[in-house]
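Novice: One structure is given below, represented as structure tokens, and several questions about it will come after.
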Amino acid sequence: MSNLTEKLSTLFEAHKEEFKELNEYLYNNPELGLKEVKACAAHTAILKKYGFEVETGFAGLPTAFIGKFTLGKDTPKIAILAEYDALPGVGHGCGHNIFGVTSVATGIMLKNIMESENIQGQILVIGTPAEETNGAKVDMANQGVFDNIDVAMAVHPGGEAHFRSGSSQAMEAIQFTFKGKTAHAAGAPHEGINALDGVLMLFNAVNALRQQTIETARIHGIISNGGKAANIIPDLAVANFYVRAKTLDYLKGLVERVKNCAKGAALATGTTLEMMNYETSFADLVTNKKLSETYEKNLRSLGVTDIRSKESGGSTDMGDVSHCCPAIHPNFPLTTKHLTGHSVEFACASIAPEAYKGMKEAALSMALTAIDIFKDPELLKEIKEEFNATFKK
Ligand SMILES: [Zn+2]
Ligand SMILES: [Zn+2]
């Protein structure tokens, strides 16, 4: 173990009770997206306590924040992103309590080491609300928050083992509203226009479309309004869909095809159709390989050997960040067992004593990766070259 690693390890142990207290406080006070008032206050309080310059209401979002620490001039800017929103019914079933604490812990340890070792750089701990719904990182990306940041990192809790930063699906959330005309369903059906038929034909057309898409694409929907009574021809029917694909380019074409299914259904049934995005759309996650390798090298330096790869079928607002600056989004284990996401078991695992082992490994690896970048301009150059080759064609 290097001198720096030992110092970071000692720092983590010295602060462990405080990190644990914050983690359990968040677990006991789960708040839904954009309502994370207590979580935002708790994260900013600890950052202030350790000397970060803190701003709440960051990027025009009341429960977002930024904590800054700078040493030196014109030094690299590294963002550590924190999530802290919960889910309805299962509290912190996605573990965003320990997600937030890990990011704040990384920032606090990093600042301490930078000061004691005179390592120059800039750390930004950014609190990003509502990952599960409206994805504040998308708003922030649109406002240019990540455009002049050199590197962004965020680690998500999970089960089993450490997982490398991989990919996630680009996603668009579309609502289809079909409008028709009510009539007695038995007495005068010919006088009605059936909005529910519009929705049903949309589903059938989408089911046919599935065979003609690439395997990894996902189209899934629900009927959120299917009429009021079986003896009334419905004049209003609504379906909510998520359309997902590996790349934004493919998604764009796929969304057009799904919309054409809806237009065809409206034409066939004589209904009128309205389409809108009912939630924020997410870009796909593009992992910066050089940055990911650096994080993995640091994990291994801590003695971690079980590091796996996996493909995600889901989507995250970290995707949008990865299109603005070099980024990674690996997973760290709360337990050696498999965990199902968005479950009560997941929430319980986030405060179990063994959770702090994976958390410590992730926080130390993020801190060591930041130090590598601060100390080695060549490394940052390589990371940026890879990013530019991917996005600035
Ligand atoms: Zn999550
Ligand atoms: Zn989640």
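The values are calculated or read from the model by the stated rules, or taken from the named source; none is laboratory data. Note that the coordinates shown come from a computational prediction; the quantities given were computed from them, not determined experimentally. Every residue, glycine as well, gets a Cβ built from its backbone with ideal geometry; the counts of neighbours run over all protein chains shown. With ligands, DNA and RNA removed, areas are computed over all heavy atoms of the protein, side chains included. Shrake-Rupley method; radii C 1.70, N 1.55, O 1.52, S 1.80 Å.
Novice: Read through the list (1) away from ligand 2 (no atom under 16 Å from the Cβ); (2) among the hydrophobic types (A, V, I, L, M, F, W, C); (3) in contact with a strand residue (DSSP E or B) (Cβ under 8 Å, 6 or more places away or on another chain), then give the number of the only condition that Val155 fails.
Specialist: So the condition that Val155 fails would be (1).
Novice: Turning to a different aspect of this structure: Restricting attention to the stretch 55-98, which residues are at positive phi and more than 16 Å from ligand 2 (Cβ to nearest atom)?
Specialist: Going through the stretch 55-98, the residues at positive phi turn out to be 57, 59-60, 72, 74, 89, 91, 95.
Result: Gly57, Ala59, Gly60, Gly72, Asp74.
Novice: Given (1) within 16 Å of ligand 1 (Cβ to nearest atom); (2) touching a Phe, Trp or Tyr at 6+ places or on another chain (Cβ under 6 Å), identify the lone condition not met by Ile123.
Specialist: Here Ile123 meets the rest and fails (1).
Novice: Further question: Which condition breaks for Ala363 when tested against (1) within 15 Å of ligand 1 (Cβ to nearest atom); (2) crowded, with 16+ Cβ neighbours inside 10 Å?
Specialist: Going through (1) within 15 Å of ligand 1 (Cβ to nearest atom); (2) crowded, with 16+ Cβ neighbours inside 10 Å one by one, Ala363 breaks only (1).
Novice: Which ones in the stretch 29-54 are touching a residue at least 60 places away in the same chain (Cβ under 8 Å), at negative phi and among the aliphatic types (A, V, I, L, M)? Explain how you work it out, then say what you get.
Specialist: Step one: filter the stretch 29-54 for residues touching a residue at least 60 places away in the same chain (Cβ under 8 Å), giving 30, 32-34, 36, 39-40, 43-44, 46-47, 50-52.
Now restrict to residues that are at negative phi: 30, 32-33, 36, 39-40, 43-44, 46-47, 50, 52.
Result: Leu32, Ala39, Ile46, Leu47.
Novice: Could we say that Met140 is more than 14 Å from ligand 1 (Cβ to nearest atom), under 22 Å from Leu380 (Cα atoms), touching a residue at least 24 places away in the same chain (Cβ under 8 Å) and open to solvent by less than 10 Å² (accessible area, probe 1.4 Å) here?
Specialist: Values: more than 14 Å from ligand 1 (Cβ to nearest atom): yes; under 22 Å from Leu380 (Cα atoms): no; touching a residue at least 24 places away in the same chain (Cβ under 8 Å): yes; open to solvent by less than 10 Å² (accessible area, probe 1.4 Å): yes.
It is false that Met140 is more than 14 Å from ligand 1 (Cβ to nearest atom), under 22 Å from Leu380 (Cα atoms), touching a residue at least 24 places away in the same chain (Cβ under 8 Å) and open to solvent by less than 10 Å² (accessible area, probe 1.4 Å).
Novice: With Ser281, Ser224 as the choices, which residue is of a type in the set (S, T, N, Q) and at pLDDT 95 or above?
Specialist: Only one candidate passes the filter, namely Ser224.
Novice: Check the stretch 109-119 and report whether any residue there is at pLDDT 95 or above and under 17 Å from Met318 (Cα atoms).
Specialist: The answer is no, given that none of the residues of the stretch 109-119 is at pLDDT 95 or above and under 17 Å from Met318 (Cα atoms).
Novice: Now for a separate question. For the stretch 63-84, how many residues meet the condition of being aliphatic (A, V, I, L, M) and touching a Pro at 6+ places or on another chain (Cβ under 6 Å)? If you could, list the steps in order and put the result at the bottom.
Specialist: From the stretch 63-84, those aliphatic (A, V, I, L, M) are 64, 66, 71, 78-82; that's our starting set.
So of that shortlist, the ones also touching a Pro at 6+ places or on another chain (Cβ under 6 Å) come out as 64.
Residues meeting the conditions: 1.
Novice: Right, something else. Restricting the stretch 108-130 to residues that are under 19 Å from the mean Cα position of the chain (by Cα) and in contact (Cβ under 8 Å) with a residue 60 or more places away in the chain, which is farthest from ligand 2 (Cβ to nearest atom)? Can you show your working first?
Specialist: If we filter the stretch 108-130 for residues that are under 19 Å from the mean Cα position of the chain (by Cα), which is where we start, we get 124-130.
Applying the additional criterion that residues be in contact (Cβ under 8 Å) with a residue 60 or more places away in the chain yields 125-130.
Working: Val125: 21, Ile126: 18, Gly127: 17, Thr128: 13, Pro129: 13, Ala130: 11 Å.
Only one residue tops the list, namely Val125.
Novice: Quick one: how many residues across the stretch 125-137 are touching a strand residue (DSSP E or B) at 6+ places or on another chain (Cβ under 8 Å) and open to solvent by 10 Å² or more (accessible area, probe 1.4 Å)?
Specialist: 1
Novice: I would also like to ask the following. Which number in (1) open to solvent by less than 10 Å² (accessible area, probe 1.4 Å); (2) within 14 Å of ligand 1 (Cβ to nearest atom) marks the one condition that Leu110 misses?
Specialist: Tallying (1) open to solvent by less than 10 Å² (accessible area, probe 1.4 Å); (2) within 14 Å of ligand 1 (Cβ to nearest atom), Leu110 fails exactly one: (2).
Novice: Something else about it: State the number of residues belonging to the stretch 145-189 that are closer than 30 Å to Asn331 by Cβ, in contact with a Pro (Cβ under 8 Å, 6 or more places away or on another chain) and of a type outside the set (Asp, Glu). Before you say what the answer is, go through the steps one by one.
Specialist: If we filter the stretch 145-189 for residues that are closer than 30 Å to Asn331 by Cβ, which is where we start, we get 145-174.
When the remaining residues are screened for being in contact with a Pro (Cβ under 8 Å, 6 or more places away or on another chain), the result is 150-152, 155-165.
Now narrow it down to the ones that are of a type outside the set (Asp, Glu): 151-152, 155-159, 161-165.
Adding up the residues that qualify gives 12.
Novice: Among the candidates Ser292, Ser312, Ser301, single out the residue that is modelled with pLDDT of 95 or more, outside the structural domain of Leu236 (by TED's automatic domain parsing) and surrounded by fewer than 19 Cβ atoms within 10 Å (Cβ to Cβ). Walk me through it before giving the result.
Specialist: Working: Ser292 fails: surrounded by fewer than 19 Cβ atoms within 10 Å (Cβ to Cβ); Ser312 fails: modelled with pLDDT of 95 or more.
Result of the check over Ser292, Ser312, Ser301: Ser301.
Novice: Restricting attention to the stretch 81-95, which residues are aliphatic (A, V, I, L, M) and within 13 Å of the chain's Cα centre (by Cα)? It would help to see each step written out before you state the result.
Specialist: First pass over the stretch 81-95, keeping only residues aliphatic (A, V, I, L, M): 81-82, 86-87, 90.
Hits for the stretch 81-95 are Leu81, Ala82, Ala86.
Novice: Find the strands (runs of 3 or more DSSP E) located wholly in the stretch 155-229 whose residues include 2 or more that are surrounded by fewer than 21 Cβ atoms within 10 Å (Cβ to Cβ), and list them.
Specialist: Numbers: elements: 156-158, 170-179, 218-225.
So the answer is 170-179, 218-225.
Novice: Exactly one condition in (1) farther than 25 Å from Thr75 by Cα; (2) open to solvent by 40 Å² or more (accessible area, probe 1.4 Å) is false for Glu382; which is it?
Specialist: (1)
Novice: Then there's this: I'd like to check something: does the stretch 317-339 contain any residue that is hydrophobic (A, V, I, L, M, F, W, C), at pLDDT 95 or above, touching a Cys at 6+ places or on another chain (Cβ under 8 Å) and crowded, with 21+ Cβ neighbours inside 10 Å?
Specialist: The first filter runs over the stretch 317-339 and keeps only residues hydrophobic (A, V, I, L, M, F, W, C), leaving 318, 321, 324-325, 327-328, 332, 334, 339.
This time we only want the ones that are at pLDDT 95 or above, so: 318, 321, 324-325, 327-328, 332, 334, 339.
Remaining after also requiring touching a Cys at 6+ places or on another chain (Cβ under 8 Å): none.
No, the conditions are met nowhere in the stretch 317-339.
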